[in-house]
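Inspection log for the structure reproduced underneath, given as structure tokens.
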Amino acid sequence: MTDIKKIGIIGGSGALGSALAKRFMKESFEVTIGSRSPEKVISKISESDKNLDVQNLKIQGIAQTASESDLIFLTVPFAAHQKTVHEIKHHVHGKIVVDTTVPLVPPKVARVQLPDSGCVARKTQEMLGNDVQVVSALHNVAATALAKSETPDGEVMVFGNNKEARETVIQLISKISLKGWHCGSIDNAVVAESLTPVLIFMNKFYSFKGSGIKIVDENMNE
Ligand SMILES: NC(=O)c1ccc[n+]([C@@H]2O[C@H](COP(=O)([O-])OP(=O)(O)OC[C@H]3O[C@@H](n4cnc5c(N)ncnc54)[C@H](OP(=O)(O)O)[C@@H]3O)[C@@H](O)[C@H]2O)c1
């Protein structure tokens, strides 16, 4: 497993990214939030949690965040996905990029609407090239659940063409109390990308606060 100290979170001012940033900071990782307007983010993050020790937090532009981090989480809306991947492309050689993008197209976010290219994470891998290990994860964990201090109930399907890179991400997210599972190649990520609109539908239908998934197996009960 690759040793990861510096974590970059592109879109880290948003719901998912900021929840991840806070969890990693609490575990003493050096976190950099990559933002289009870094100056606005500092007050937003510190205002939202007065007890947060921001010693381990940097806020920078997107390219700089990508170039200075050991591993990069991509937590931007689908509408900004391609532009942002272009922006980090020349700064992530040899690194792991964790793509969390769900292809949601408002206003119908409770409906599966895959792009013409199919799987978003496969597109990310194609755009970044094979010397970047794209790992796709976290689509089915609600940011609201991550933002709380408790251990989230939901689990994480982890996809990617490189087993070691997947393992690195599984170990890394275990540090923030998330259970990850190897789920195969990057093409398989289309399953998790498609599942999120279903969970959003269920949240609305059943008034759930943030539904998620859990993997079960007969052997787990023995
Ligand atoms: N929210 C969840 O529960 C959840 C769960 C699983 C997966 N996801 C996925 O994670 C990604 C981020 O979701 P989110 O809910 O955290 O989104 P969000 O709250 O809207 O935040 C996304 C961040 O992305 C940045 N950004 C860059 N380009 C943008 C653009 N054109 N329009 C708007 N924001 C832009 C913004 O940061 P700056 O302004 O600082 O640049 C913004 O704060 C999405 O792909 C989503 O499908 C979300």
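The values are calculated or read from the model by the stated rules, or taken from the named source; none is laboratory data. Not measured: the values here are computed from a predicted model. We place every Cβ from the backbone using ideal geometry, glycine too, and count neighbours over all the protein chains shown. To get the accessible areas, we keep the full protein, side chains included, count just its heavy atoms, and leave off ligands, DNA and RNA. Shrake-Rupley method; radii C 1.70, N 1.55, O 1.52, S 1.80 Å.
Sorted largest first by accessible area at a 1.4 angstrom probe radius, with every protein chain in place, the residues C183, C119 fall in the order C183, C119.
For L71, the residues whose modelled amide H falls within less than 5 Å of its own, excluding neighbours fewer than 5 places apart on the same chain, are K6, G8.
For Cα pairs less than 8 Å apart in space and 6+ apart in sequence, what is the mean separation divided by the residue count of the stretch 116-181, i.e. the relative contact order in percent?
On the way: 69 pairs, mean separation 18.8, N = 66.
Relative contact order for the stretch 116-181 comes out at 29 percent.
With protein chains left intact and a 1.4 Å probe, residues in the chain average 51 Å² of accessible area per residue. Each Lys and Arg contributes +1 and each Asp and Glu -1, all at the Cβ; summed about the Cα centre of the chain, the dipole is approximately 700 debye. If you restrict to DSSP beta bridges whose two residues both lie in the chain, what percentage is antiparallel, to the nearest 5? Here the antiparallel bridges make up roughly 10 percent for the chain. A viscosity of 1.306 mPa s and a temperature of 10 °C, combined with the Kirkwood radius over C-alpha pairs in the Stokes-Einstein formula, give the stretch 104-175 a diffusion coefficient of 112 µm²/s.
Within the listed set R122, R166, R36, the Gaussian network model of the chain (springs between alpha-carbon atoms below 10 Å) gives the highest mean-square fluctuation for R36. Helix content alone sets the calculated 222 nm mean residue ellipticity of the chain: runs of n ≥ 4 DSSP H residues at -39500 (n - 2.57) each, divided across all residues, give -11000 deg cm²/dmol. Normalising the Debye intensity of the stretch 15-85 to I(0), with uniform scatterers on Cα atoms only, and taking log10 at q = 0.18, 0.28 Å⁻¹ returns -0.68, -1.56. Please say if the stretch 6-214 is rounded, prolate or oblate, where rounded means a/c under 1.5 for a ≥ b ≥ c the square roots of the C-alpha gyration tensor eigenvalues, and otherwise the choice is prolate for a/b larger than b/c and oblate otherwise? Note, shape of the stretch 6-214 comes out rounded. Placing unit charges on the Cβ atoms of the charged side chains and taking the dipole of the stretch 6-214 about its Cα centre, the candidate lying farthest along the positive direction among L172, A15, A63 is A15.
Within the stretch 6-214, what whole-number % of the accessible surface is contributed by carbon and sulfur, with the 1.4 Å probe and all protein chains included in the calculation? Looking at the stretch 6-214 in its full context, I get 52 percent from C and S.
Over the chain, calculate the relative contact order: mean separation of alpha carbon pairs under 8 Å at least 6 apart, over the residue count, as a percent. Walk me through the numbers on the way to the answer.
Details: 438 pairs, mean separation 41.9, N = 222.
Taking the mean separation of contacting Cα pairs over the length of the chain, I get 19 percent.
Summarising the amide proton neighbourhood of I59: residues at separation of 5 or more, or on other chains, whose placed amide H is nearer than 5 Å comprise I33. In terms of distances greater than 32 angstrom between alpha carbons, the cross-link table entries K40/K89; K6/K50; K89/K209; K40/K209; K58/K89 yield K89/K209.
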